[in-house]
1. Answer with one residue from ALA221, THR622, TYR273: the one whose Cα lies farthest towards the positive end of the charge dipole of the chain, charges on Cβ with Lys, Arg +1 and Asp, Glu -1.
2. Set Lys and Arg Cβ to +1 and Asp and Glu Cβ to -1, take the dipole of the range 119-251 about its Cα centre, and tell me which of PRO232, PHE251, TRP141 lies farthest positive.
3. GluC sites (Glu not before Pro) within the range 43-108: which are DSSP loop residues with at most 14 other Cβ atoms inside 10 Å?
4. How far, in degrees from 0 to 90, does helix 362-381 lean away from the longest principal axis of the Cα atoms of the chain, to the nearest 10?
5. Report the one residue of LEU583, ILE41, PRO11 whose Cα lies farthest in the direction of the positive end of the charge dipole of the chain (charges on C-beta: Lys and Arg +1, Asp and Glu -1; origin at the Cα centre).
6. Check each of the GluC sites (Glu not before Pro) in the range 529-623 and keep only those in coil by DSSP with at most 13 other C-beta atoms within 10 angstrom; list them in order.
7. Based only on other Cβ atoms within 10 Å, what is the fewest-to-most ordering of TRP228, TRP405?
8. Using only the Cα atoms of the range 375-422, what are the Rg and Dmax in Å?
Amino acid sequence: MNDSTSISSNPIAFKAETRQLLEILIHSLYTEREVFLRELISNASDALTRLNFEMLTEREIANLDLELGIWITADPEQKTLTIRDTGIGMNAEELSENLGTIAHSGARAFLEAARSGAARVDDIIGQFGVGFYSAFMVADWIQVASRSYRLDAAPAVWFSTGSDTYTLSTGGKQERGTEITLRLKDEYVEFCQESRLRQIIKRHSDFVPFPIYLGEAKEQANQQTALWRRQPREVESEQYQDYYRQLTMEFDPPLTWLHLSVDAPVQMYALLYAPSSSEPGILSTRKNSGLRLYARKILIQEYCKELLPEYLRFMVGVVDSEDLPLNVSRESVQSTRTMAQLKKLLTSKVLDHLAGLAKDNIDNYTKFWIEFGQFLKEGIAIPDENHDPILPLLRFHSMKHPQEWISLDQYLETLADEKEPIYYLLADHETAALRSPHLEAFRERGLDVLLLTDPIDPFAVLNLPEYKSHKLVNAADADLPVEGKSSQAEHPEEQTTPENTSVLVERFKSVLGDRISAARLSNRLVESPVRLVRPKDGPSEELQRVYRMLQKDLHTPNPILEVNAGHPIIQALAALPAEDPNLPVLIEQIFTNAQILEGMPVDPSQMVDRIQKIILQSLKQTGGGE
Ligand code: ADP
Ligand code: MG
């Protein structure tokens, strides 16, 4: 095999990145070097899968009748190991392109991680595919003899010792496919022993979807059944987690998974995972969303986005159906009826699974909600989705339970009758929400209010008029039939005369002018002197927030100012003489405070000036020389 044709006199330099990768691999202290075999087998399997795919549409294929498989043989005397496949093969140009540079995902991500120091090299070699070059961890030289599947292709040979260069030459391989020969380093002759090789194949490559033959044996060394095609009860949790790691290149185990084997209305195997984080890890393959789609064991699409609705795009995994027509191309697959059936089935299974998780494992579901709750709310925000199965999955913080995650059903349990609405408050963040004057009447009446502080919430609420025939109602809305005890009732002795107060309301109007559309007394306020409410005829708060978020203009009437006649500030203001020069300053500041609590923009410099005036005034009164 080391004959003259395989050594070209013109060495070609590896690309700089490849040299760096080789350097790291060869010199790393990594002990589990056996993973090189997994990488070579996985490449052979990829080459067979690609050939399979070509065979769907292409008649012109060299050695059409060759069995699709992988053959591994060792020669202990020569210290060589050979991995041969009948896959797609490579011509000279492809050999140079594919084995001279590292354009592919796994090795590049590995190199980036190694360079950035984000992970210890030795930890990640084994975990992630570093590809073809990992064979240089155990070999003094590697020869790749290949013959492409195209009828007119010429065989070619690639050869390298893992230094800075490789050579290319014409070869003599007649049969389609690739044969990789390694000359093992003295320390690694163990990889010439069949028993050792068998063990490695079992450990790392058992589910490779093509037969692997070892030595002279006619028997397969691998089990070959893909994990997702096996019976769920036969598969160990560790195997699921291993497969997830291979598939996603994520360090952390998945939060949860579901394994389906369904016969009707459509035949399907599926293995789907929810990752532990919505952020993909540095090496992750999750930067693209979509599921791996197989039709009768043949990989049709790596990232198929048509199998789940957009809002479930965080799920990763594999779907394999016997019912998809095999003559599908990647483009036409989306329009088949089977695809629509698969999507419907998968969506309902995923939502069912999540509902089960919420019931059986609250801790895990809470983690899930924190990572992916936004996505589910997106499902509500999209008008065309079927919202019903998503609604029970929603979780909220509420006024009474700001630290917990409660469901709509838990909220309903606190209600006295079937007509009572579900109240919510929209705010930019939770501290603002809890401080809101709109909540006071609810607190007094012992009613709970859901706190909606995600940017997606106003969109979702617009599509959520009711749940189990309880209306959803914005707590800030002006004319809620909430008969809260006002502080007037609590402190009757402090009650201001209606005359005084109505004069004060007039003063608010004259100071604030058309920045408010009206001023009136409120019976809903307890702790706050005033609050701002939207006029009934204007667009809803949800719509206003949605427009603001989309940076679109929406004409909105100015708010109504409601005054709490029982509040000490209001009472003291009402008692001031009409001509008191402090009055306009104080009214301005009370209005600004209310705007801040509503999350409306205010002018900070004017506010600071005003507050300084107020401070000075108060200092004078507390004994500044008077
Ligand atoms: P990856 O498998 O992540 O693409 P590798 O370093 O393992 O990266 O392989 C590099 C490339 O070499 C592959 O993408 C493929 O194009 C080519 N290749 C490697 N082994 C084979 C093979 N046995 N048959 C055909 N092509 C191969
Ligand atoms: Mg590979």
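Nothing in this text is a laboratory measurement; each read-out follows from the coordinates by a stated rule. Please read all numbers here as calculations on a predicted model, not as lab measurements. Cβ coordinates were reconstructed from backbone atoms using ideal geometry, including for glycine residues, and neighbour counts include every protein chain displayed.
1. Positive-most Cα among the choices belongs to ALA221.
2. PRO232
3. For GluC sites (Glu not before Pro) across the range 43-108 that sit outside H, G, I, E and B with at most 14 neighbouring Cβ atoms in 10 Å, the list reads GLU58, GLU60, GLU67, GLU77.
4. 80 degrees
5. PRO11
6. Numbers: sites: GLU541, GLU542, GLU562, GLU579, GLU588, GLU598; in loops: GLU579, GLU598.
Sparse-neighbourhood loop GluC sites (Glu not before Pro): GLU579.
7. TRP405, TRP228
8. Spelled out, the Cα radius of gyration and Dmax of the range 375-422 are 12.2, 33 Å.
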